[in-house]
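Have a look at the structure below, then the notes.
The values are calculated or read from the model by the stated rules, or taken from the named source; none is laboratory data. Note that the coordinates shown come from a computational prediction; the quantities given were computed from them, not determined experimentally. All Cβ positions, even for glycine, are placed from backbone atoms using ideal geometry, and neighbour counts span all protein chains on display.
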Amino acid sequence: MKHSKITFLLLGIFLCLSACTNKIAKTNSALASIDFLRGDLLLCGTGQFGELKFSLSCNYETREAFDLAVALLHSFQYAEAEKAFVKVIDADPNCPMAYWGVAMSIYHAAWFPPSKEDLIKGAKVLAVAKELTMDEKQRDYINAITAFYTDWNNADHTTRAIRFEKKMEQIYLKYPEDMEAAIFYTLALFSTRDRVGKAYKNERKAGKILESLLASNPNHPGIAHYIIHNYDNPVLASQGLETARKYAKIAPSSSHAQHMPSHIFTRLGIWEESIQSNLLSAESSRCYSAAAALKGSYFEELHATDYLVYAYLQKGDNANAEKQYTLIKELKSFYPSNITAAVYPVTAIPARLALENRNWEQAANLELQKIDLDWEKFPWQKAIHHFAKALGAAHTKNFTLVEKQIGILKKLHQDLIAQNDRTKSIQIKLVEIQIKTAHAWLTFSQGDRENGLLLMQEAVAIEEKTSKHPVTPGDVLPAIELLGDMLLALNQPEEALVVYEKNLKKHPERFNGVYGAAIASKKAGNQEKAAQYFTQLIALSENSNSNRPEILEAKKFIIQP
């Protein structure tokens, strides 16, 4: 049987299936009590989400519907995936894999942990599924996701995610011909990766499996998607570039698929492609928001906007960065409002606009956006705001304000630790780096330059051992870049150049990193290298109509006699 192309035309099938909606209440009261997501599928554009065939679907008539649901699941269109799986359940209540699909849609392995309500719902769904007649392979799949939901009120998220990973490994080894088993196993590996360290053991293992499948399945949405996620780091990013350039074409109707390539583009400093990727993603997200009649914006729009602002800033393009921020700065609500990818941009974007431009006065006077959420529930995101204020205050010598911000950062750090959530281990490290960095610049600005430098070096040492958080295009300011700035302020250009060049290996084509390397080279007397970096800076800002003074300085240096 050939791969079935998943398109918007399948909605016609769903209209036929919807006639069976009331069947659940008549046949299974336990199932009828579950608050499933239902309704028309909100699929913008052409409705294309890739090509796949998952042989474990049940009634022949529901197979294309089931495959669309799996394709949506692979592109993290979780709400629509659940609705699609429920349509299969309505048509065939005895199909165990449709219940598996609902439970997988609620788990959303690579993102935020499910809520208490979702965990209760998932456990109920699987309890119904386990009463159905099924073959051994279907039972294995059901038992694998059940391992995640079992004893959810006593075992933490990470422990249960590891259980699921081990079960998926068993399925992967037991059924070597089952491509979907291999793909979902790599997703499980990504969900249990070391979120802080830089060995990338799980990511390398998952990438190897996925690459072995890609050539014979070039239009499978999960393979391409998970390669990008696993290679979203400075060490492996170059291996994901070819796939990144294909994924958006595989699933053009997914706002997430439009955005994901920019994770690789950002790691490699390919700013124009990142911008185009996220412009499409933001447009697709606004389409989804309108179709769903959401009260606020769909979170993917904010996520794409964060990457857009970051990319524009690396081109020195303040005008377009500000334009993108204007689209979200007045938002009061978004959907869903409880996830990191939605809340993070609200504090990161204004912090970036001030800090990347070294506008310390603006940074010191940032105001936390008033929005319909409790900021105390988001200590990491809130910490970004206070970190920016602390750096701004240190550079403007408002020492009282710096000390106040450091005190707030320390409390937020403790709040994160108190949550006892291993999925937030990287957030704890990132706030620790912020505290150390803010303290370093306070000490330095107060005149104790030696100890300020030592503290800054300690912050860099922590940063070097800490991975990037997957939701962010990059730190609002890398600690290593700030160390270069401090060394320049100490009139140590040779040492600063070493640091800036090390920074550019991890953060290629960063505007301030390139400019810092140019200035350090110039002050060290290496005019040839200074010209090289100033030329690179001019190339970065090409076609951006940048008004950054650094560009004017670069052009003046290059044309000097």
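Among the residues of the stretch 91-120, the ones that are crowded, with 23+ Cβ neighbours inside 10 Å and either among the charged types (D, E, K, R) or not in a helix (DSSP H, G or I) (or both) come to 1 in all.
Of the candidates 272, 283, 242, 301, the single residue that is buried (at least 24 other Cβ atoms within 10 Å of the Cβ) and of a type in the set (Asp, Glu) is 301.
The residue list 83, 23, 5 contains one member that is basic (Lys, Arg) and modelled with pLDDT of 90 or more, which is 83.
For the condition at pLDDT 95 or above, in contact with a helix residue (DSSP H, G or I) (Cβ under 6 Å, 6 or more places away or on another chain), aliphatic (A, V, I, L, M) and over 30 Å from residue 273 (Cβ atoms), residue 479 does not qualify. Taken together, the residues in the stretch 376-409 that are within 25 Å of the chain's Cα centre (by Cα) and either small (Gly, Ala, Ser) or surrounded by fewer than 17 Cβ atoms within 10 Å (Cβ to Cβ) (or both) amount to 4. Annotation: of all residues in the stretch 69-90 being out of contact with any Leu (no Cβ under 7 Å at 6 or more places or on another chain) and assigned to a helix (DSSP H, G or I), the one that is farthest from residue 33 (Cα to Cα) is 74. Search the stretch 56-75 for residues being hydroxyl-bearing (Ser, Thr, Tyr) and touching a residue at least 12 places away in the same chain (Cβ under 8 Å), and hand back the single one that is nearest to residue 138 (Cα to Cα). Among those residues, the one meeting the criterion is 57.
Listed here are the residues, each with its yes/no results for (1) of a type in the set (Asp, Glu); (2) within 21 Å of residue 549 (Cα to Cα); (3) surrounded by fewer than 19 Cβ atoms within 10 Å (Cβ to Cβ).
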| position | (1), (2), (3) |
| --- | --- |
| 483 | no, no, no |
| 490 | no, no, yes |
| 494 | yes, no, yes |
| 500 | no, yes, no |
| 527 | no, yes, yes |
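Going through (1) surrounded by fewer than 24 Cβ atoms within 10 Å (Cβ to Cβ); (2) out of contact with any strand residue (DSSP E or B) (no Cβ under 8 Å at 6 or more places or on another chain) one by one, residue 328 falls short only on (2). Scanning the stretch 434-457 finds one or more residues that are assigned to a loop (DSSP other than H, G, I, E, B), farther than 30 Å from residue 260 by Cα, modelled with pLDDT of 95 or more and not charged (D, E, K, R).
Within the stretch 279-295, is there a residue that is under 30 Å from residue 516 (Cα atoms) and either touching a helix residue (DSSP H, G or I) at 6+ places or on another chain (Cβ under 8 Å) or in a helix (DSSP H, G or I) (or both)? Checked against the condition, which is being under 30 Å from residue 516 (Cα atoms) and either touching a helix residue (DSSP H, G or I) at 6+ places or on another chain (Cβ under 8 Å) or in a helix (DSSP H, G or I) (or both), the stretch 279-295 yields at least one hit. Here is the figure for the stretch 456-471: residues that are of a type in the set (S, T, N, Q) and over 13 Å from residue 434 (Cβ atoms) total 2. In the stretch 116-141, the qualifying residues are those that are among the acidic types (Asp, Glu) and touching a residue at least 12 places away in the same chain (Cβ under 8 Å), and the one that is nearest to residue 172 (Cα to Cα) is 140.
Candidates 54, 49: the one that is of a type in the set (Phe, Trp, Tyr), assigned to a loop (DSSP other than H, G, I, E, B) and surrounded by fewer than 24 Cβ atoms within 10 Å (Cβ to Cβ) is 54.
What about residue 462, is it at pLDDT 95 or above, in contact with a Lys or Arg (Cβ under 7 Å, 6 or more places away or on another chain), surrounded by fewer than 22 Cβ atoms within 10 Å (Cβ to Cβ) and within 30 Å of residue 303 (Cα to Cα)? When the stated conditions are applied, residue 462 passes them.
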